[in-house]
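Colleague: This is the structure I have questions about; it appears just below.
The values are calculated or read from the model by the stated rules, or taken from the named source; none is laboratory data. Everything numeric in this text was worked out from a predicted model, so none of it was measured. Glycine also receives a Cβ, built like all others from the backbone with ideal geometry; neighbour counts cover every protein chain displayed. To get the accessible areas, we keep the full protein, side chains included, count just its heavy atoms, and leave off ligands, DNA and RNA. Shrake-Rupley method; radii C 1.70, N 1.55, O 1.52, S 1.80 Å.
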Amino acid sequence: MKVAVVGAGAIGAYVGAALDRAGADVHLIARGPHLAAMREHGVRVLSPRGDFTARVHATDQPEDIGPVDYVFLGLKANSYAACGPLVTPLFKENTAVIAAQNGIPWWYFHGHGGPHDGRRVESVDPLGSVSAVLPPERAIGCVVYAATELEGPGVVRHLEGTRFSIGEPNRSVSPRCLEFSEAMWTGGLKCPVEPELRHDIWIKLLGNISFNPISALTRATMREMCLHSSTRQVIEHMMSETLAVAEALGTRPDISIEKRLAGAERVGDHRTSTLQDLEKGKPLELDVLLSAVVELAEFTGVPVPTLRTVEAISDLLARGAAA
């Protein structure tokens, strides 16, 4: 099994190292000092489950790799439309793309069935720009429950969690999903194949849609947002509206708002990825987390006043950050 990891940052390099342990032919695409370190020393993983080093091929030239069976996307969703030069040399007829993204994916209505089957979500796939680069029929969904960070060039610190749930947009349990899942399990990661992966998408989105923009607007940690009563109430409203949109689309995530808040509070003084991106001057990944759900609410007729308000303020923040 030949795998290319495009965007081999903290999550991508961690997955690549695990797949290498499973005996897969792994190639990492990265750049800068991180690439140089992986070329010289391999990927060093520091984990409570045991440290290890994976010496895998790393490059910034996908042409050096050639066609692969699987492309694991570790890029931010807002860079998908521009990733053609990175992924096109890796494609053959049956190459699958496993996109480890938060929020609503570009393939959401591909194979969905019902009245919205095949619909494009403009917020995440404007004018079909992402689908043109990453055809939905190649897509295997992936919801990441692992937490990792780059401690330094070539060094991945695994903090917690090993679960990477995957699934086909059309809900089938396909041979390609089973093959990738088996390799992940062999490499030490949990990788269940979920026919109803959209449930997982909404469960994780419940936190991302609320904590991420609010943290960027307030510079607050997870614990601080949960303990501030007025902010907690805003987050509860956002979560409630999000669940209503999910239900309007036929998905009923099996989790309560109180349970989701309790889990977030236990995380402690963690800064969300959106806040970290803001502090580093990077683009904010809010289209797939927030704008997409507002768009879904628009055509399902679900009122989402709190989401709309936070989206408007967050959009102004994102525009200022990008200036």
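Colleague: Work out, step by step, the length gained on full extension between R271 and E149: first 0.36 nm times the residue separation, then minus their alpha carbon distance; give nm to one decimal.
Modeller: Details: separation 122, 0.36 × 122 = 43.92 nm, distance 1.23 nm.
Residue separation times 0.36 nm, minus the Cα-Cα distance, leaves 42.7 nm.
Colleague: Can you give me the % of accessible surface on region 121-255 that is carbon or sulfur? Probe 1.4 Å, all protein chains present, nothing else counted.
Modeller: 52
Colleague: Could you tell me the calculated FRET efficiency between E160 and Q61, based on Cβ-Cβ distance and R0 = 30 angstrom, to the nearest 0.05?
Modeller: The pair E160/Q61 has a calculated efficiency of 0.35.
Colleague: Sorting D315, D64 by accessible area (1.4 Å probe), largest first, what list results?
Modeller: Accessible-area ranking of D315, D64, largest first: D64, D315.
Colleague: To continue, here is another question. Starting from 0.36 nm per residue, how many nanometres of slack lie between R308 and K282 once their C-alpha separation is accounted for?
Modeller: 7.0 nm
Colleague: Collect residues whose amide H, placed 1.01 Å from N in the peptide plane, falls under 5 Å from the amide H of V5; neighbours closer than 5 in sequence don't count.
Modeller: H27, L28, I29, F72
Colleague: May I ask you to compute the full-extension gain from E236 to F52, defined as 0.36 nm times their residue separation minus their alpha-carbon distance, rounded to one decimal in nm? Don't skip to the answer; put the middle values down first.
Modeller: Values: separation 184, 0.36 × 184 = 66.24 nm, distance 4.07 nm.
Value of the extension gain: 62.2 nm.
Colleague: Then there is this: Roughly how many Å is it from the Cα centre of region 96-121 to that of region 166-222, as a whole number?
Modeller: Answer, in whole Å: 13.
Colleague: Shifting gears a bit: Put T300, T59 in order of accessible area, largest first, 1.4 Å probe: what do you get? Let's see the in-between values first.
Modeller: Numbers: T300 40, T59 0 Å².
Most to least solvent-accessible, the answer reads T300, T59.
Colleague: Cα axis of helix 175-186 to longest principal axis of the chain: angle in degrees, 0 to 90, nearest 10?
Modeller: So the inclination is approximately 80 degrees.
Colleague: From the phi angles alone, apply the Karplus equation (6.51, -1.76, 1.60; θ = phi - 60°) to region 31-44 and give each ³J(HN,Hα) in whole Hz, x where the residue is Gly or Pro.
Modeller: Ordered by residue, 3J(HN,Hα) equals 7, x, x, 4, 4, 4, 5, 5, 5, 7, 10, x, 9, 9 Hz.
Colleague: Take H228, H27 and sort them by solvent-accessible surface of the protein heavy atoms, 1.4 Å probe, largest at the top. Could the numbers behind the result be given before it?
Modeller: Values: H228 100, H27 25 Å².
Ranking H228, H27 by accessible area, largest first, yields H228, H27.
Colleague: Divide by every residue of the chain the summed helix terms, -39500 (n - 2.57) for each DSSP H run of at least 4, and state the resulting mean residue ellipticity at 222 nm, rounded to the nearest 500 deg cm²/dmol.
Modeller: Taken over the chain, the calculation gives -13000 deg cm²/dmol.
Colleague: Per residue, how many Å² of accessible area does the chain show with a 1.4 Å probe?
Modeller: 43
Colleague: What's the FRET efficiency of K92 with H41 using the Cβ-Cβ distance as r and R₀ = 35 Å, to the nearest 0.05?
Modeller: So the FRET efficiency works out to roughly 0.70.
Colleague: Rg over Rh of region 163-317, using C-alpha atoms and the Kirkwood radius, what does it come to? Show your work: numbers first, answer last.
Modeller: On the way: Rg = 16.6 Å, Rh = 16.7 Å.
That ratio equals 1.00.
Colleague: Name the long-range amide H neighbours of T148: under 5 Å, sequence gap of 5 or more, or other chain; modelled H, no Pro or chain starts.
Modeller: Residues meeting the amide H criterion: L159.
Colleague: Using the Kirkwood formula over every pair of different C-alpha atoms, what hydrodynamic radius in Å results for region 1-149?
Modeller: In region 1-149 this quantity evaluates to 15.9 Å.
Colleague: Given the pairs K92/K204; K2/K76; K259/K280, which span a C-alpha to C-alpha distance of over 28 angstrom in this model?
Modeller: Checking Cα-Cα distances, K92/K204; K259/K280 exceed 28 Å.
Colleague: I'd like the antiparallel share, as a percent to the nearest 5, of DSSP beta bridges with both residues in the chain.
Modeller: Bridges in the chain that DSSP calls antiparallel: roughly 30 percent.
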